[in-house]
Amino acid sequence: MKALTVRNIPPVVARRIERRAQESGMSLNRVVVQILEESAGIVHGKKPRLHHDLDALAGSWTKENARAFDESLRDNRKIDPELWK
């Protein structure tokens, strides 16, 4: 396997990698390799995800969250009859 040295990792990125390693119980090296594999579209034993930007949100809202969101969009959902003549 190839060994790489990565320099100048922004502190915010380093903290996220460290947090992910701690939460998953994996080493920093394993987490970095996993992140590289994911961004390259290589997912072992699973179908690659085509869209991953909102996956963490899917199914995470409570009914109250959904109600508050719908309420915030109420004015945007009104149809202006003058625009549809």
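Values computed for the structure shown
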item	result
Selected residue [surrounded by 10 or more Cβ atoms within 10 Å (Cβ to Cβ), modelled with pLDDT of 85 or more and out of contact with any Ser or Thr (no Cβ under 9 Å at 6 or more places or on another chain)] from Asp70, Asp75	Asp70
Filter result (exposed (fewer than 11 other Cβ atoms within 10 Å of the Cβ) and assigned to a helix (DSSP H, G or I)) within region 30-44	Ser39
Residues located in region 1-20, provided they are charged (D, E, K, R) and assigned to a helix (DSSP H, G or I)	Arg15, Arg16, Glu18, Arg19, Arg20
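The values are calculated or read from the model by the stated rules, or taken from the named source; none is laboratory data. Since the structure is predicted, the reported quantities are computational estimates derived from the model, not experimental observations. All Cβ positions, glycine included, derive from the backbone under ideal geometry; neighbour counts span all protein chains shown.
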